[in-house]
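The values are calculated or read from the model by the stated rules, or taken from the named source; none is laboratory data. This is a predicted model, so every value here is computed, not measured. Positions of Cβ are generated from backbone atoms using ideal geometry, with glycine treated the same way; all protein chains shown enter the neighbour counts. With ligands, DNA and RNA removed, areas are computed over all heavy atoms of the protein, side chains included. Shrake-Rupley method; radii C 1.70, N 1.55, O 1.52, S 1.80 Å.
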Amino acid sequence: MKAFADLTEREVLAVAISSEEEDSRIYRSFAEDLAGRYPESAKIFEEMAEEENGHRRMLLDMYERRYGPHLPPIRRGDVKGFLRRRPIWLTKNLPLDTIRKEAETMEFEAERFYAKAAEQAEDVGVRKLLGDLATMEKEHESLAARLTNTILNDDARAEEDRTRKRMFVLQYVQPGLAGLMDGSVSTLAPLFAAAFATQHNWQTFLVGLAASIGAGISMGFAEALSDDGSMTGRGSPWLRGLTCGVMTAVGGLGHTIPYLVPDAWPNAFWLATSIACIVVFFELWAIAYIRARYMDTPFLQAVFQIVLGGAIVLAVGVLIGGA
């Protein structure tokens, strides 16, 4: 890779042209990604893409006047210490706030590049152009603010807030809740079966630990591989998978940890089992509350589905372990 200080003016212009072209494509990608979810914000990124195209044309005009029509094959990825951009395929289904922060970072880094390039430019025309572009990039943040105030009226903002809430539920609450339900309920039977079969806390803890981690890994991969988010807008599949997997493990570990009560304590088994049952009670009610709060499920219906179902699974484990 080439050091920035070693670039010629011709190479600086070529890098700037390719950078503006890439940034324009990224902004258009943001706009396309947001069009279905946040159409008003998508217009902002369309405007910013057009701005970047305007910068590219200014640079191309300067380059052609000085060096002709042929650009050297150099891009910012070939320059040491140069600003980096997130690949376009990693910008899909990002939250709106993340996209806006990404745009702010892009503009800040572009302004810094042009300012530094202008300092080492020797040609007066090139120096002026690069300085002007540095100023324009610095003003882009205020441009985004002006566009936001112009395009995002109160009704549009309210609609985007509702959409943001739906996206939060789809991308985080739904996979997390699915994991918590699976971890809390599916591990009850093996845990309590092992507990009543052995009446040994440490062995029960190992069974619960294995069941919780195994269920977390299984649910995490199942969630990540079930939907890439491109059609449903449910966000990064690996983030959803991680959320689901972690919450599955947490759900199982909640009632497994009480079996760390040392077997040497008096009535250790019944003490650990009593604590575990209390934890299960609160877990199931917490799940019922989350379903009612975020999934628009009537609270009594959520209680009936989750608490009654969990109690049946627990009873099955106790019956099998005590047989």
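Between residue 316 and residue 116, the distance separating the two model label sites (each 7 Å from Cα on the Cα→Cβ line) works out to 6.1 nm.
Applying the Kirkwood pairwise sum to the alpha-carbon positions of segment 168-301 produces a hydrodynamic radius of 15.4 angstrom.
Taken about its Cα centre, segment 196-323 carries a charge dipole of about 140 debye when Lys and Arg each add +1 at the Cβ and Asp and Glu each add -1 at the Cβ.
Round to the nearest 0.05 the FRET efficiency obtained for residue 5 and residue 98 when R0 = 41 Å and r is the Cβ-Cβ distance. E between residue 5 and residue 98, to the nearest 0.05, is 0.80. Element breakdown for segment 169-323 at a 1.4 angstrom probe: carbon and sulfur atoms account for 75% of the accessible area.
Run a plain Debye calculation on segment 237-285 (Cα atoms as equal point scatterers, no solvent) and give log10 I(q)/I(0) at q = 0.13, 0.20 Å⁻¹, rounded to two decimals, same order as the q list. Listed by q, the Debye log ratios stand at -0.40, -0.69. Considered as an equivalent ellipsoid built on the Cα gyration tensor, segment 18-78 has semi-axes of 29, 12, 6 Å, the largest given first. Report the FRET efficiency, 1/(1 + (r/R0)^6), for residue 124 and residue 305, where r is their Cβ-Cβ distance and R0 is 56 Å, rounded to 0.05. The calculated FRET efficiency here is 0.15.
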